[in-house]
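Below is one structure, written out as structure tokens; the observations come after it.
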Amino acid sequence: MKLLDIGVLAERSGVPPSTLRYYEEIGLIDSFSRHGLRRQYAPEVLQQLALISLGKMAGFPLSEMKGMFGKDGTADLPRPALHQRADQLDLQIRQLTTLSKALRHVAECPAETHLACPTFQRLMKAALNARKDKR
């Protein structure tokens, strides 16, 4: 097996060496050995890093991602958690799409001022209500 030096792994993955060391510290990845002071990684760690990047994009915290790898580092993705996160993302997409459409309307509204625009008034009320709901 041809091991990857930490610098090579960082270059191929786009993940800085400091982050690689952090991921190792929290148990997300493992180094195979050391060559002098430089950590050496199995080529499979590239796939783990791709999955970690995907998980981060999906909004999974690193602590949850740690449980998505088996002891040998292979992916063990919990399908119910993936469905739940996909549902959360779908809701967020709908909310952001609604907000985007409202902002575009306000930007093009023929009302004399933004405050005179009924859509802008509803948008402001919705923002206040959303803030109250988070408390």
A careful count of residues in region 4-42 that are touching a strand residue (DSSP E or B) at 6+ places or on another chain (Cβ under 6 Å) and closer than 14 Å to Gly73 by Cβ gives 5
Q) Do we have Gly55 as part of a loop (DSSP other than H, G, I, E, B) and surrounded by 13 or more Cβ atoms within 10 Å (Cβ to Cβ) here? A) no
- Before we move on, is Gln95 of a type in the set (S, T, N, Q), part of a helix (DSSP H, G or I), free of Cβ contacts under 8 Å to residues at least 60 places away in the same chain and closer than 24 Å to Val8 by Cβ? no
- Message: Take Arg85 and tell me if it is surrounded by fewer than 11 Cβ atoms within 10 Å (Cβ to Cβ) and not assigned by TED's automatic domain parsing to the domain that holds Tyr23.
- Response: no
Cβ pairs under 7 Å, 6+ apart or interchain, first in region 53-74 and at positive phi and in the same structural domain as Leu28 (by TED's automatic domain parsing), second basic (Lys, Arg) and in a helix (DSSP H, G or I), ordered by first then second residue, are Gly59/Arg85
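The values are calculated or read from the model by the stated rules, or taken from the named source; none is laboratory data. Nothing here was measured: the structure is a model prediction, and the numbers come from that model. Backbone-built Cβ (ideal geometry, glycine too); neighbour counts: all protein chains shown.
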